[in-house]
Every structure is written in structure tokens, then in C-alpha cells.
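The structure appears right after this line, and notes come after that.
The values are calculated or read from the model by the stated rules, or taken from the named source; none is laboratory data. Fair warning: this is a prediction, and the values are worked out from it, not measured in the lab. Glycine also receives a Cβ, built like all others from the backbone with ideal geometry; neighbour counts cover every protein chain displayed. Calculation scope for accessible area: heavy atoms of the full protein, side chains included, ligands and nucleic acids excluded. Shrake-Rupley method; radii C 1.70, N 1.55, O 1.52, S 1.80 Å.
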Amino acid sequence: MRPICKLCNKNYCAINYYRKGITYYRSSCDECGRSKNKLKPRTPKWKTKGYKKKAACDLCGFKGLFTSQITVFHVDGNLENTDLVNLRSICLNCVEVVKKKEVNWRRGDLQVDY
Ligand SMILES: [Zn+2]
Ligand SMILES: [Zn+2]
């Protein structure tokens, strides 16, 4: 029996493949499968919070040609912490450095309140 799509509970599930006379179905219908693929990646938290990625790297000053060369880094490693003091714009090169060793951010950059 052909199962009903779990996502919309409306359409029949799309056919996945046939094997030995048995039909295997996907867990969703064609429609839902397609719209799932079309979904854009979620907006990062820092963006919703109003942080703007800088054009230059906070660490080395590198200026990217494309904004994709600069990434937003969470100082404490917690992606949920979108406090402005926790966010840095750094180039992809520096991401590697920061990940591998502790970086002393410029003094005054970070205000820890504990
Ligand atoms: Zn569906
Ligand atoms: Zn850099």
C-alpha cells in the first residue's frame, strides 16, 4: 500500500525505487520533497540580532573581495550567544587560526561580566 506523505498528510509518497517487484516509497510526496530542497539555509542568529558582518577581518585586517571571505565568529563558541561582544568578523584564514589556538582579542574588545 502506498503511504501518505507525513509532511502534508495529503499526497501519496513519492516512489523511491523498485526492487524485486516491491516498490519503495520516500517518506514525503513529490511536492514536499521539492519544497524541502528549495528551502534556503536558515538566517544565522547574529543576522537576526542585527549584527553586520564587517568588510575587513577583525584579526588581520584582510579585506575580502567577496563577503563570503569573511565569516562571523562566536568568541565563546556558542552559536546561540549573539551578544555583540561575542561576535567577530574574521576571514576564513583566521578562522583556522582561532580554532586551533586561543586568540587574545584586542583589549577592550571583550567585556566579560562575571
Ligand atoms: Zn507532502
Ligand atoms: Zn584574518
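Structure summary
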item: Filtered residue count, segment 23-64, keeping only those that are open to solvent by 90 Å² or more (accessible area, probe 1.4 Å) and farther than 24 Å from L84 by Cα; result: 9
item: Residue count for segment 68-86, restricted to those that are surrounded by 18 or more Cβ atoms within 10 Å (Cβ to Cβ), under 14 Å from K45 (Cα atoms) and under 15 Å from the mean Cα position of the chain (by Cα); result: 3
item: Residue pairs meeting the criteria (Cβ under 8 Å; at least 6 apart or on separate chains; first touching a residue at least 40 places away in the same chain (Cβ under 8 Å), in segment 71-94; second in a loop (DSSP other than H, G, I, E, B)); result: L87/Y51; L87/V75
